[in-house]
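Participant: Starting off with a structure, shown below.
Each value in this text was obtained by applying a stated rule to the coordinates, not by laboratory testing. Computed from a predicted structure; not experimentally measured. Here the Cβ positions follow ideal geometry from the backbone for every residue, glycine too, while neighbour counts run over all protein chains shown.
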Amino acid sequence: MSEKTELDDAAARTDGTATHPTAPASSTGSAAATPDAPDPAGGSGGGKETEASLWADAWRSLRRNPWFLVSGALLVVIVAMAIVPQLFTSVDPGSCDLSKSRQAPSAEHWFGTDIQGCDYYTRVIHGARNSMIVGVVVSIGVFAFAVVVGLLAGYFGGWVDGLLSRITDMIFAIPYMLGALVFLNIIDTRGPIQVALVLMLFTWPTSARLMRGSVMSVVNSEYVMAAKALGAGHLTIMRRHILPNSLGPLIGYSTVFIGIIIGAEATLTFLGVGLQLPAISWGLQLTDAQSYVTSSPHLLLFPVIFVGVTVFAFMTLGDAVRDALDPKSKR
């Protein structure tokens, strides 16, 4: 009787095991597959972790880069000058005395005085605002337009890429300084916004081509193909998979681009087709100084120093950001 009972118990245990022989393996397999497979909406825990890791690694790299720290500190000062010039000088930039015209630097006037007898230090400090407005507005506008054009061309390819690329090539064929000279010359009133819009018109192709190439380098990646196979829409794929992995080079270039535009604005104003009086800008100060280079060199020296330091800071910061976000760009 005891033997029969033991045999029945053993049979019951065997039947119970056979009833669900693969249940543990199936459950384990599902749990293992879940984190790696993107959902149809295009999102995945692994993708978000990878994106967060990319930006975290970039920030760690930037903090260890001394050039990033130096350029960042310079830009903090320059931006503060543009936003709150009163932190650096309490003198009214419009307070002038013709009897003190073109005085050399002194204890009373650190940078000397300009042609109108205005304190030149104050004028140079206040000149940062218009130059920064032009540089930042152009850079933001070009960045947004380049993202749209480059994303559409690189993602869809075919006739969309062909059409957008030909339009880009036509604008790219026109030197932006020449185009800006022609257009600004026929505009009667030229303020920061007018100058910025004209520069945007002729400077976006380079950024668009950079964005297109970056998108094309990731559009055929495995995670993009997996999202397509699971039914994710074009907008979802572009927003969640393409953009986070293709913006790095463009962000780095856009930071450099601000410095390029500030230099371009100063050049155009120096040539007489940029900003107009009564605006205060470094370019206008260079224009006034060109007739007094030998007799009053300080009129040329200080605006050139400020333009040069600003362009240097933006370009150095841009190089550091580009290297951090796109390690393959390092030489």
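Participant: Can you tell me the dipole magnitude for the range 108-331 around its Cα centre, using point charges on the Cβ only (Lys, Arg +1; Asp, Glu -1), in Debye to the nearest 20?
Facilitator: 820 debye
Participant: Determine ³J(HN,Hα), in whole Hz, for all residues of the range 82-88 in sequence, where each value follows from phi through the Karplus function 6.51 cos²θ - 1.76 cosθ + 1.60 and θ = phi - 60°; x replaces Gly and Pro.
Facilitator: 6, 7, 10, x, 5, 5, 10
Participant: How would you rank 106-119, 279-292, highest first, on the average number of other Cβ atoms within 10 Å across their residues?
Facilitator: 279-292, 106-119
Participant: What residues have an amide H closer than 5 Å to that of CYS118, excluding those fewer than 5 places away on the same chain, when H is modeled at 1.01 Å from N in the peptide plane?
Facilitator: It is ASP97, by chain and number.
Participant: Please turn the phi angles of the range 200-214 into ³J(HN,Hα) values with the Karplus equation 6.51 cos²θ - 1.76 cosθ + 1.60 (θ = phi - 60°), one per residue in order, whole Hz, x for glycine and proline.
Facilitator: Ordered by residue, 3J(HN,Hα) equals 4, 4, 10, 10, 6, x, 4, 5, 5, 5, 5, 5, 4, x, 5 Hz.
Participant: Ranked highest first by average number of other Cβ atoms within 10 Å, how do 317-325, 302-310 line up?
Facilitator: 317-325, 302-310
Participant: For all pairs of alpha-carbon atoms in the range 108-331, what percent lies in each bin of width 5 Å, listed from the first bin to the last filled one?
Facilitator: With 5 Å bins starting at 0, P(r) equals 1, 7, 13, 15, 15, 13, 11, 8, 6, 4, 3, 2, 1, 0, 0.
Participant: Percentage of Cα-Cα pair distances in the range 245-312 greater than 18 Å, rounded to whole percent?
Facilitator: It works out to 45 percent of all Cα pairs.
Participant: Just to confirm a number: summing +1 for Lys and Arg and -1 for Asp and Glu over residues other than GLY117 whose beta-carbon lies under 9 angstrom from that of GLY117, what do you get?
Facilitator: Here the charged neighbours net out to -1.
Participant: Here's something else I'd like to know. By per-residue mean of other Cβ atoms within 10 Å, what is the highest-first order of 180-193, 242-255?
Facilitator: Averaged packing, sorted descending, gives the order 242-255, 180-193.
Participant: Right, something else. What is the pair-distance distribution P(r) of the range 128-167, computed from all Cα-Cα distances in 10 Å bins starting at 0, with each bin given as a whole percent?
Facilitator: Bins of 10 Å from zero give 28, 35, 21, 13, 2 percent of pairs.
Participant: Going by amide H atoms built from the backbone, whose H comes under 5 Å of the H on GLN103, apart from near neighbours?
Facilitator: THR113
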